[in-house]
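The values are calculated or read from the model by the stated rules, or taken from the named source; none is laboratory data. Just so you know, these numbers come straight off a predicted model, no measurement behind them. No Cβ is skipped: glycine too gets one built from the backbone with ideal geometry, and neighbour counts run over all protein chains shown. With ligands, DNA and RNA removed, areas are computed over all heavy atoms of the protein, side chains included. Shrake-Rupley method; radii C 1.70, N 1.55, O 1.52, S 1.80 Å.
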Amino acid sequence: KAKNCPDKRIADWCRSSVVNALHDGWFAPVPIEESYTLPSFPVKALPKWMETWAKHVSESYQVDQDLPAMLALGLFAGSMARRICVQPRPGWTEQISLYQMIILPPGEGKSPVFSEARKPIAETEQQLIDFHKPEIARKLAEKRALEQQLAKLEKDLSRETDNHDRQIILRDCIDIRIEIEEIGNPTEPRLYCDDTTPERLAALMCENNCRIIMPSSESDGLITAIGRYSESPNLGIILKAWSGEDTRIDRMGKPPTILERPALNIAITAQPSAVAQLLSIPGFRGRGLADRFLYSSPKTLAGQRKSSSPSIPQSVTEEYSGFMSAAWSMLDSGGPRTIELSKLASARYNQFLDEIEPKLSPDGEYAPIVGFCNKLKSYVLRFSAILYSADTQSEKGPIREQDLEGACQIADYYLQHAYRVLDETPSDPTTSRAMRLSSWIKRERLSTFTVDQAIGPLSGVESHGEALSALDYLANHNQVRLREQVWQVNPLLLPSE
């Protein structure tokens, strides 16, 4: 009757009656409002070699596919820093810097995935060190010899009384000192860092073409970099390196550190408690650093992992390493190369701007995260340049419409995940407890239980009153009902075998 009835209201009533009759008076369970599933990373938007690698790493290490996908995107972005910028229109350029924060609890396989993703960069860095080692040794030897000559000449200058001879010695001293300054402080090339202070981070960037990437499976490095032990954390270098603003750091008794167009990329995983710690650091929110990060909360696979998993095919590893190593081997030389948007890509970007802008008003959907959304406008351009370069292995452009479309999909993913992190609206404790009970019921596949049993999965709850409030919440969502002091579970709530 429901199938053939032309009246939609009567058809809907027939369907609900069938469900009601089949399940002993149960209506369909209503999902808890705050437990909506966050979207998965749009791996199809990535170049094929990135997508394939992320899929196999996910299967091999038994982690959510979001984690390796985001790492591949972030690490390739680091290779483009300072060499490439994207220009949507004359006078407006965006450099390639991504600040990614992936939120995962302990035991989710973060470290081995980071090691696998970072391996080509570590190998490239070592190759660069080996290549430059003879030149560095030669420059250091020259510098030491010049310093010894300078010391001798300065000693002679202090003893010389003849004005003409003094001028000759002084001129030689000046020439040698200039040579010493031109040699500078030769250091081994560095492509990435981990745990470093703000001052050392600036020095590392200064020594390495004003760019570096911070990929880490822990958040300690970032916390140290913004001043772990300081009541006034030093956020300046990290704030400016996101946009490429020239930076001069002067400290008493130290030579100045000058950074031209600094470019920093960050890809870290952080435990939920560490994220809360970062957001509570003075200035992290207020000065806009929180809005510069791309937040992600991949699905946890705890309880679903198997004792054995397939290895990553050698061909997949070699392809990933080849693309990543080639990108990181191309060092910065002079000014950046600018990539523009094609007409279709430009039209798609304008469409994205027109869609998001009305939602940023004080009463708009994205009002709680308006600062993040303003940075997301820049990120869309950066994503598109990364996708284009990683797919075509070209730096000449123009960026295609498909690259901009993929960038918008990635932006939407980060937008929904960031909302859960940055929205400061407090969560209702009853709803939170109800969500935990609902997960416990599904996990244990319960058909009935008592209120005393329900207190167990609610850590920190001891009174029946708080547990009953959560159970009443579930009852209002047609997930459970009370019959003779026993709570019954809606059979439609349980996943099928």
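Here are the numbers:
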item: Residue order for TRP49, TRP440 - accessible surface, 1.4 angstrom probe, largest first; result: TRP440, TRP49
item: Between 0 and 90°, nearest 10: helix 314-329 axis offset from the chain longest Cα axis; result: 40
item: In degrees, nearest ten, helix 110-159 long axis to first principal axis of the chain (Cα); result: 20
item: Over the chain, relative contact order from alpha-carbon pairs under 8 Å, at least 6 apart, %; result: 22
item: Highest-first arrangement of 207-217, 256-266, where packing means the average Cβ count within 10 Å; result: 207-217, 256-266
item: Degrees between helix 401-422 axis and first principal axis of the chain (Cα, 0 to 90, nearest 10); result: 70
item: Surrounding net charge for ALA385, when Lys and Arg each add one and Asp and Glu each subtract one, Cβ distance under 15 Å; result: +2
item: Sequence ranges 235-246, 139-150, 77-88, 280-291, ranked by mean other-Cβ count within 10 angstrom, highest first; result: 77-88, 235-246, 280-291, 139-150
item: Solvent-accessible surface (1.4 angstrom probe) belonging to TYR366, in square angstrom, nearest 10; result: 30
item: 13 Å beta-carbon shell around PRO68, net charge (K/R +1, D/E -1); result: -2
item: Cut-off under 5 Å, modelled amide H: who pairs with GLN100 long-range; result: ILE266, ALA267, ILE268, LEU294
item: Contact order relative to length of region 86-225, as percent, for alpha carbon pairs under 8 angstrom and 6 or more apart; result: 24
item: Share of carbon and sulfur in the accessible heavy-atom surface of region 75-179 [1.4 Å probe, %]; result: 53
item: Antiparallel bridges, percent of DSSP beta bridges restricted to the chain (to nearest 5); result: 35
item: Probe 1.4 Å, accessible area per residue of the chain, Å²; result: 51
item: Heavy atoms of ASP391: accessible area, 1.4 Å probe, square angstrom to 10; result: 70
